[in-house]
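Trainee: Could you have a look at this structure, given as structure tokens, before my questions?
The values are calculated or read from the model by the stated rules, or taken from the named source; none is laboratory data. Everything numeric here is computed off the predicted structure, so don't read it as measured data. Cβ placement follows ideal geometry from the backbone for every residue including glycine, while neighbour counts extend to all protein chains displayed. When the accessible area is computed, the model is the full protein with side chains, heavy atoms only, and any ligands, DNA or RNA have been set aside. Shrake-Rupley method; radii C 1.70, N 1.55, O 1.52, S 1.80 Å.
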Amino acid sequence: FESGKIYGIIGEYGQGPMFLSYLLGGKVKFDDLKLYYNDTEIKRHDLERISWNLEPHYEKYNKAVVKKSIEKAICENQCAEDFETIAERFILTEPRYDRKLFQLSGERWRASAALGYASGKKIFYAPYKPSAFYHRMCGSVLLKALKELTASGAIVLLPVGSDDFMKHIADECIYIKQEYDVEELKERYQELFGT
């Protein structure tokens, strides 16, 4: 994975796209697997420190108030930009500045991205969503917010079932496919049906 790219992680639900997204987000134990960041081995807690879930629903920051939390992150991380600049870049709407992330609908991922950006995060990951989600959300300016992240050098990971829409918005698609032993399947079929 390279900085500054949106990756579509394509595969059926349960075959690993969300697992890979959450693995790189530091949410999954990777035991014997070795991961590297800029040629240096990285541990799970290091990934957690630099990663941000675009979907705040199950995260500890889901009750964060948009403007207040972003302003706090700006101060804590000595971000060069002010709140108004970040709000404009991530297309946040003023009537929702005083709302908690979990209270937002279509703007939730953009506000979460803005908060992660102000917090200095470098890997933005997401849960598994159908292609229709990205078609609907990117039509409503989510793509611009994701491009703001990649313009700052971040990696964006979007697990999805098909590349129908993703191939048009991702910089690169990674396909995760289940490998099947065809001969074993034929044998099992013959055992069950006798042909």
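Trainee: Could you give me the residue pairs with C-beta distances under 8 Å whose first residue belongs to region 170-184 and is within 13 Å of residue 20 (Cβ to Cβ) and hydroxyl-bearing (Ser, Thr, Tyr), whose second residue is at pLDDT 90 or above and open to solvent by less than 100 Å² (accessible area, probe 1.4 Å) wherever it lies, and which are 6+ apart or on separate chains?
Mentor: Listed by first residue and then by second, the contacts come to 175/10; 175/11.
Trainee: Which members of region 57-113 meet the condition of being closer than 23 Å to residue 133 by Cα, of a type in the set (Ser, Thr, Tyr) and part of a helix (DSSP H, G or I)?
Mentor: 58, 61, 112
Trainee: What is the number of the single condition among (1) crowded, with 16+ Cβ neighbours inside 10 Å; (2) in contact with an Asp or Glu (Cβ under 7 Å, 6 or more places away or on another chain) that residue 34 does not meet?
Mentor: (1)
Trainee: Looking at 187, 148, 191, which one is within 15 Å of the chain's Cα centre (by Cα) and part of a helix (DSSP H, G or I)?
Mentor: Details: 187 fails: within 15 Å of the chain's Cα centre (by Cα); 191 fails: within 15 Å of the chain's Cα centre (by Cα).
That would be 148, the only listed residue that is within 15 Å of the chain's Cα centre (by Cα) and part of a helix (DSSP H, G or I).
Trainee: Restricting to region 1-46, and then to whatever is farther than 19 Å from residue 161 by Cα, part of a loop (DSSP other than H, G, I, E, B) and of a type in the set (S, T, N, Q), can you tell me which residue is modelled with the highest pLDDT?
Mentor: So, considering only residues that are farther than 19 Å from residue 161 by Cα, part of a loop (DSSP other than H, G, I, E, B) and of a type in the set (S, T, N, Q), the one modelled with the highest pLDDT is 3.
Trainee: If you scan region 47-60, which residues turn out to be surrounded by 17 or more Cβ atoms within 10 Å (Cβ to Cβ) and either closer than 17 Å to residue 155 by Cβ or modelled with pLDDT under 90 (or both)? It would help to see each step written out before you state the result.
Mentor: Taking region 47-60 as the starting set, the residues that turn out to be surrounded by 17 or more Cβ atoms within 10 Å (Cβ to Cβ) are 47, 50-54, 56.
The answer is 47, 50, 51, 52, 53, 54.
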